[in-house]
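The values are calculated or read from the model by the stated rules, or taken from the named source; none is laboratory data. Worth saying up front: this structure is predicted, and the values here are computed from it rather than measured. Cβ atoms come from the backbone with ideal geometry, glycine included; neighbour counts cover every protein chain shown.
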Amino acid sequence: MALTQFENDLEILRDMYPELEMKSVKVEEEGEFPQRINGKLLFKISLLADVNIEFDEQHMLLSNLSNECVEFTIYSCHYPDIRRCVVMDIKSLWISTDEKKMLIDKALRLVEETVDMSIEFADSFTSILILIFGFLIDDTAILLFPNGIRKCLTQDQYDLFKQIGEEATLQKMSRSNYHCCICMEMEKGVRMIKLPCENANVEHYLCRGCAKSYFTAMIQENRISSVRCPQCEYKELKLEDFKSYKKMLKALFTPLIPVSFLKEVIDTELCERYEKMFYNQAATRLSKYCPYACVTCRRCDSWCTKEDLHDAMIQCQKCHFVFCFDCLHAWHGYNNKCGKKVSLSTDIIEEYLDDTVTSYERKRKLEAKYGRRVLELEVNDYLAEKMLDLAIKKEGSNLQRCPKCKVVVERSEGCNKMKCEVCGMLFCFICGVLLYPEDPYEHFREAYSGCYGRLFEGMPGTET
């Protein structure tokens, strides 16, 4: 092949791939043909269908990818040793190092299996590049997105794909016309805003004027639940359906329209007002459903929300005051006990305790609402009280509850007129009724009393 033909082949490649940058480096001593060909190509991986990007419980559909770059050098002096002849590097924001090595290895293997190594290099170099470029553009999607899915390892990776999707949407919008779902006018994409609908499979648009006036009006009228896509069906969040407290928090405190989106549409002051009203509304609702979750800061009166239902220590995100959720005083440490701010009803405790009636799913919902540790502690206290009640009712028992403060009192000696050491109330040990402080023995003297004449009953030395 003449050098002129070689240059012609370079032009053919440039015509096939307009983004291709390539130059040949000729070394006269090495012979007629260039010793080295340097180049790079911006390419976009072809997706035959939308791919699903996933991280944790987040997912989105992606129909286009960003431009990637392959830099290459072909050494004619090493031909036909293809592993030394071709050196490649892929530049990409989202393709991992291991994936790059895998793609390069498969591309070179394809060249080894396809190109006839017995022919002159000058006749085969175009075939080498065409095969490599074709593979990177048309055949890599199935390797990078197996079964049409890409599982991200970090939130940053997921956010990168989200950004790629947004940029692709903007490019598509700039070439198309769309209907505003409020005024119903058709506008060019550059004059429209794509709404961040909760359902990633739908696309709803507003013209910039309608978007600003609509969201401004909703916030000024305090219609927080209406700050969303006006075309999507609204479904109120049902807190009782959650089986995880953390998932409940995430769903409740994530607005349907992100604040970052609103900042591009309306005034900063309105955004700040919306953010505060949304948080207060969500915290108020959570406090009514989940009594162990929220409380207002005693220093700045802002809502404070627990990250962990089991932890009594809570910190205000606004003024950073650290205090106890139960007693509302400055944090006193875990070893200094204080009273309970909220007590569970007996019905809730018995429902959680009864394995024969309460399903596993229902128990998970109760744990999401009250906290697993709180429920376990309440159950332990409940069972301990039941055991005490049984001990009190047992024949010959020397235990009785104070009718006022319910503390258990033990009679070791003396008559049946008892005095509670905790609250100081006088009561009858036999029947548990409160006694008149002015004349506590009247109860034992009255003929109509069930304890008539039983003041000394049960005292040592009085048995007949």
Task: Boolean, LEU160 is in contact with a Cys (Cβ under 9 Å, 6 or more places away or on another chain), part of a helix (DSSP H, G or I), surrounded by 13 or more Cβ atoms within 10 Å (Cβ to Cβ) and of a type outside the set (Phe, Trp, Tyr) - done: yes
Open item on the list: For segment 420-433, give me each residue that is loosely packed, with under 15 Cβ neighbours inside 10 Å and out of contact with any Lys or Arg (no Cβ under 7 Å at 6 or more places or on another chain).
Closed with: GLU421, VAL422, GLY424, CYS431, VAL433
TODO: Kindly provide the set of residues from segment 165-210 that are within 14 Å of MET60 (Cα to Cα) and not hydroxyl-bearing (Ser, Thr, Tyr), ordered by number.
DONE: GLY165, GLU166, ALA168, PRO196, CYS197, GLU198, ASN199, ALA200, ASN201, VAL202, GLU203
- [ ] Report the residue count in segment 339-360 for those that are surrounded by fewer than 10 Cβ atoms within 10 Å (Cβ to Cβ) and in a helix (DSSP H, G or I).
- [x] 2
TODO: Might you check whether a residue that is of a type in the set (Lys, Arg), in contact (Cβ under 8 Å) with a residue 40 or more places away in the chain and closer than 22 Å to TRP303 by Cα occurs anywhere in segment 256-274?
DONE: yes
TODO: Kindly check whether there is at least one residue in segment 388-398 that is of a type in the set (A, V, I, L, M, F, W, C) and crowded, with 17+ Cβ neighbours inside 10 Å.
DONE: no
TODO: Would you check which residues across segment 37-61 are over 18 Å from MET22 (Cα atoms) and crowded, with 19+ Cβ neighbours inside 10 Å and list them?
DONE: ILE45, VAL51, ILE53, PHE55
Task: Some residue of segment 318-334 being touching a residue at least 40 places away in the same chain (Cβ under 8 Å), surrounded by fewer than 17 Cβ atoms within 10 Å (Cβ to Cβ) and not hydroxyl-bearing (Ser, Thr, Tyr) - done: no
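Hey, among LYS212, LYS172, which residue is modelled with pLDDT under 90 and out of contact with any strand residue (DSSP E or B) (no Cβ under 8 Å at 6 or more places or on another chain)?
Numbers: LYS212 fails: modelled with pLDDT under 90.
Testing whether each residue is modelled with pLDDT under 90 and out of contact with any strand residue (DSSP E or B) (no Cβ under 8 Å at 6 or more places or on another chain) leaves just LYS172.
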